[in-house]
Structures are given as C-alpha cells and as structure tokens.
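The values are calculated or read from the model by the stated rules, or taken from the named source; none is laboratory data. Predicted, not measured: the structure shown is a model, and the values here were computed from it. Cβ coordinates were reconstructed from backbone atoms using ideal geometry, including for glycine residues, and neighbour counts include every protein chain displayed.
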Amino acid sequence: MRNFYFFALGAYGIGLSGSDRIFIELARRWAKRDRIFIFVSEDGYAMCQKQNLENKNIHYKVYNLSHFTKLGFVGIYLVKIILSIWIGLTFQLRNNAYIYNASEFWMDSFPSFLLKLRYPKASWVATWYQTAPNPLKGFAEGKRSNVYRGRALLYFLAQLPVRPLITYFATKIIVNNESERSVFKVSNKKGNVVVLKGAVDTTLINQYKKTAGVKRKIYDAVFQGRFHPQKGVMELVSIWEKVVRMLPTAKLVMIGDGPLMSDVKNYIAKKRLSKNIFLEGYVFDGDKKYDIFAKSKLVMHPSFYDSGGMAAAEAMVFGSPAVAFDLKAYESYYPKGIRKVAIGDISAFAKMVVDLLKSTKEREKLGQEAQSMIEKGYSWDARANEIYKQII
C-alpha cells in the first residue's frame, strides 16, 4: 500500500477552488487502494467534510488556526507558511511515500519541497494548475478595460520562488492543459509532466437525474465560479445588462463567492438588475446546485484568463450549452457544446446569448453536444485512474 501525503493548507473560506476540487476527487478515488494523509486547517477540513471525503484509508491532520483569525487574511497566510515549514522539517514519512501539494501556494509547496529534501526516495507529485499572468498585461488574454494589474503582480510574485523548486525537485508535475507543459520544458522532455483536464462527478449527477427527473427551464442562464478578477464576473453583469435590454425578463443565476462579491452586488444594484440577476453564494454539490443547473437554459463562462475551467462542464452535463470568450485553453477543454466570441467583446457575447435563447432548436442541439461530450470524456473516475497510472 502506498502512502500519499496531500498538503492542502491553502484551502480557505467556504468556497471550493479548482485545485481544491481536484485534490478532493483524486483523494476520494485513490483512497480505495492506498493510504491518504491530508494536511488542512479547520477551514479545509470543513470543506472536505461538506464534500463527503471520508474513507477508512483517509487520515486527516487538522490544524486549528482559529485563534489567529484576528490577524486577518494576510496574518493567517503567514501563520500557515510558518506552520507548513515546521511540518516539512519535522514530519516523519512512511515508506513508499508520495507527496502532493494541492496548490502552488507557499503553505502547500514548501512542506512538499522540504520533505522531498529530507526523503529523496519519496516521490513529489507537484501541481501547477495555472501560470500567473504577466503583471503588465494583467488578467486578460485579450481586450479588457480593467485587467487588475495589482492582483496579477501579487500572483506573479507568489509563484516566483515556487517554480524553480518544482522544476528541479519534483518527481512528476501535474498541469491542466497542454500549453502549460512549456512552463517546465526540461521535465516535459523527460516525460515527467502530466496533463490533468477538468472532470465532473458523473456518477453523483446521474444519481440526481434518476430521482429528480426532467426540470422545467426557469432560468435563462447560470454562472458558476469564483468571484475573482480572472473570471469576468463584473463584465458578466455588463453582459447581462445588454441581454436584458433585448429580453427584459431574462434571468441569470450566479453561483459562487470570492473577493469581488461586494463589487458585484454593488454593480447589480447600480445597474438596477436585482430582478434579473440572482446571487446564490457558494453552493456545494447536491440537489440545490443540480436543480439550478437543470433549470437553466445556458451556461455563462466569461473568464478573461483561464487555464481550463471545470465550472462550466458541471453545468453542461445537464444539457445546457455554454457561451464563453475564445480563450486558448478552451480549444482542448471545450471543442463542442459551446459558442465562443472574441475576448472582451461584451456586445457580441450578449448577442450570442440572446440568439441562443431565441432559437430553442439550435440551443437544444448544442446542449446535447455539450452533455454528450462531458458524459463521455469528463468522468472523475476515469480521470483519477488515468493520472494515477502516470505518476506511479
């Protein structure tokens, strides 16, 4: 039996990021054959519990940092880094060890690196799910009025010391699209870079579909994702404002939370769209979220900077096509079941949404393509097994 050590100390708040989703789904399936140790704060542990991540082979190492909350986000971040370094310097690994950092954040990468130094025979499976943008360009692959250069700079600086550690010490490197292979050219030439595309829990969703039956479409569109600069949530409000001008009763549901939540709320109020845009906050897997997906006609995916994105796929499996900006990563992630418009063209995005809402036949045909594509190629069971074979 192998021993996997998952470092997910970066997990924070009630939401679930893409990297959180990946480590949870991998751990859930790998625990059927191996022993899993998961290092988390109390926030991370609560997140795992809400995702029903339990198995006799899963063992949690939970660190209670609640008494540091008065220090704020930055304070907690620094405390986690110090804690992670201490863990890396003192924790004793078992034989046949595999170290996995759930994110490239320092509190997940540093202990992985230190344990690899102390245990050279252990395998470090490093993850690098998105390269920070050029700070001068910000969070945008194309035209955008606000590119959030300040946040992009912080992201860039945070990744700066981690990249060489992964480059020179990781045994395997997991990225989530083909273009990210070029970030680690030497490792890629050696065959040590593994591409993990997004996936969805088709088993859980199919169980819901069997009991829920067919739902009447009452929402025109749904968005799911972090309220973060790269996701285009502010622009989505602008897009929907244009949609409402053409279809006054159009309804959009936004699932998620994040640093831009208050900005989005204020912008919706400013644009007087409270009767057209509904904010659900973060919704965990289960009937409530799946009900929204099943009742939505379209999936909105307005990211300006993305390395893949699994959020749209989870909604597309309900037969709803997506509309997105034409990002490079979507060439491989979403070749079907989606309509793409030029990056930053808000008017074209809104027009595409309206055209699909008006054309039921075209929308349903595209939705069938989306559902078929996700069901056939985006299963977590298949994806976890595929990755396991490549890292062992």
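With respect to Ala132, is the statement that it is of a type in the set (Gly, Ala, Ser), surrounded by fewer than 23 Cβ atoms within 10 Å (Cβ to Cβ), under 19 Å from the mean Cα position of the chain (by Cα) and not in a helix (DSSP H, G or I) true? In short, yes. Only a single item in (1) touching a helix residue (DSSP H, G or I) at 6+ places or on another chain (Cβ under 8 Å); (2) modelled with pLDDT of 90 or more is not met by Phe284, and it is number (2). Could you pull out the residue among Val74, Val62, Val79 that is part of a strand (DSSP E or B), at negative phi and either among the polar types (S, T, N, Q) or surrounded by fewer than 20 Cβ atoms within 10 Å (Cβ to Cβ) (or both)? On inspection, the qualifying residue turns out to be Val62.
A count restricted to segment 1-47 and to residues that are under 16 Å from Asn385 (Cβ atoms) and in a strand (DSSP E or B) stands at 2. Starting from residues that are part of a loop (DSSP other than H, G, I, E, B) and touching a residue at least 60 places away in the same chain (Cβ under 8 Å), keep the ones in segment 327-367 and report whichever is surrounded by the fewest Cβ atoms within 10 Å (Cβ to Cβ). Out of the qualifying residues, it is Ala342. Scan segment 171-203 residue by residue and report those that are among the aliphatic types (A, V, I, L, M), part of a loop (DSSP other than H, G, I, E, B) and either in contact with a Ser or Thr (Cβ under 7 Å, 6 or more places away or on another chain) or surrounded by fewer than 19 Cβ atoms within 10 Å (Cβ to Cβ) (or both). Within segment 171-203, just Ala199 meets the criteria. You will find that of Ala199, Ala170, the residue that is in contact (Cβ under 8 Å) with a residue 60 or more places away in the chain and either on the phi < 0 side of the Ramachandran plot or not assigned by TED's automatic domain parsing to the domain that holds Tyr100 (or both) is Ala199 and no other.
With respect to Lys56, is the statement that it is assigned to a loop (DSSP other than H, G, I, E, B) and over 24 Å from Ile174 (Cβ atoms) true? In short, yes. Just to verify a result, which residue in segment 82-98, among those that are in a helix (DSSP H, G or I) and touching a helix residue (DSSP H, G or I) at 6+ places or on another chain (Cβ under 8 Å), is surrounded by the fewest Cβ atoms within 10 Å (Cβ to Cβ)? In this case the residue turns out to be Leu89.
When segment 326-366 is filtered for residues that are more than 22 Å from Lys231 (Cβ to Cβ) and of a type in the set (S, T, N, Q), the ones remaining, listed by number, are Ser359, Thr360.
Scanning segment 99-128 for residues that are assigned to a helix (DSSP H, G or I) and not small (Gly, Ala, Ser) yields Trp106, Met107, Asp108, Phe110, Pro111, Phe113, Leu114, Leu115, Lys116, Leu117, Arg118. Taking (1) at pLDDT 95 or above; (2) within 23 Å of the chain's Cα centre (by Cα); (3) under 26 Å from Asp287 (Cβ atoms) in turn, Ala250 satisfies each apart from (2).
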